[in-house]
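> Handing you a structure now.
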Amino acid sequence: MTDTQSGFSADERAAMKQRAAEIRADKGLKGAAKTAKEYEDCIAAIDALTGIDKEVAVTLHQIVADVAPDLAPKTWYGFPTYAKDGKVVVFHQPAAKFKTRYGTVGFQDAAQLDDGAMWAVTYAVVEVTDAVRAKLRDLVATTAGAPEERA
């Protein structure tokens, strides 16, 4: 339900506050200290999840580590997220975050998944299967610019 004054639900406002807190927490950090803090925040966000949300986040994290270790783990609106050259490229939006029917794995435009005149950038995930792992692996490899790693 949305608030008639702001147009945002309580969950959406909470996510915006969480993003502001992420920015404040990283203020003044540079280099290895910032990278370490962002990594810790990503792991904490994954650890806080349960059920299929956690399974998807853990799977995505493992795939990024295997296929695209240059992507930087961090959080974004509280989501486990991975960035390339400082820009978010892939993230997991847990179903529990906004009380939705399914969580998603999403890709920002910097992921450059371009494929013709139209392509998907967000994927609903209700179960982690071998086919889901393979698709995520392929998408993350493309995002990282590592087509030779694609399986």
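A short reminder: the numbers here are calculations on the coordinates, not readings from a lab. These numbers were taken from a predicted model, which means no experiment stands behind them. Please note: Cβ atoms are built from the backbone with ideal geometry, for glycine as well, and neighbour counts cover all protein chains shown.
> Would you confirm, using the coordinates I've provided, whether Pro80 is surrounded by fewer than 12 Cβ atoms within 10 Å (Cβ to Cβ) and within 16 Å of the chain's Cα centre (by Cα)?
Against the criterion (surrounded by fewer than 12 Cβ atoms within 10 Å (Cβ to Cβ) and within 16 Å of the chain's Cα centre (by Cα)), Pro80 does not qualify.
> Separate question: Going by the structure shown, is Thr50 under 14 Å from the mean Cα position of the chain (by Cα) and hydroxyl-bearing (Ser, Thr, Tyr)?
No: the conditions fail for Thr50.
> Same structure, new question: Which number in (1) of a type in the set (Asp, Glu); (2) more than 23 Å from Ala32 (Cβ to Cβ); (3) touching a residue at least 40 places away in the same chain (Cβ under 8 Å) marks the one condition that Asp70 misses?
Every condition holds for Asp70 apart from (2).
> Given region 86-151, what strands (runs of 3 or more DSSP E) lie entirely inside it while holding 2 or more residues that are more than 19 Å from Lys54 (Cβ to Cβ)?
By residue number, 87-93.
> Could you tell me whether region 74-85 includes any residue that is closer than 14 Å to Thr50 by Cα and touching a Phe, Trp or Tyr at 6+ places or on another chain (Cβ under 9 Å)? Lay out the reasoning, then the answer.
Taking region 74-85 first, the residues closer than 14 Å to Thr50 by Cα are 79-80.
Subset that is touching a Phe, Trp or Tyr at 6+ places or on another chain (Cβ under 9 Å): 79-80.
Yes; the residues of region 74-85 include at least one that is closer than 14 Å to Thr50 by Cα and touching a Phe, Trp or Tyr at 6+ places or on another chain (Cβ under 9 Å).
> Another question, then. Limited to region 27-65, what total is found for residues that are free of Cβ contacts under 8 Å to residues at least 60 places away in the same chain, part of a helix (DSSP H, G or I) and not polar (S, T, N, Q)? Before you say what the answer is, go through the steps one by one.
Taking region 27-65 first, the residues free of Cβ contacts under 8 Å to residues at least 60 places away in the same chain are 27-51, 53-54, 57-58, 61-62, 65.
Keeping just the survivors that are part of a helix (DSSP H, G or I) gives 31-47, 51, 53-54, 57-58, 61-62, 65.
Subsequent filtering for residues that are not polar (S, T, N, Q) retains 31-34, 36-47, 51, 53-54, 57-58, 61, 65.
Count: 23.
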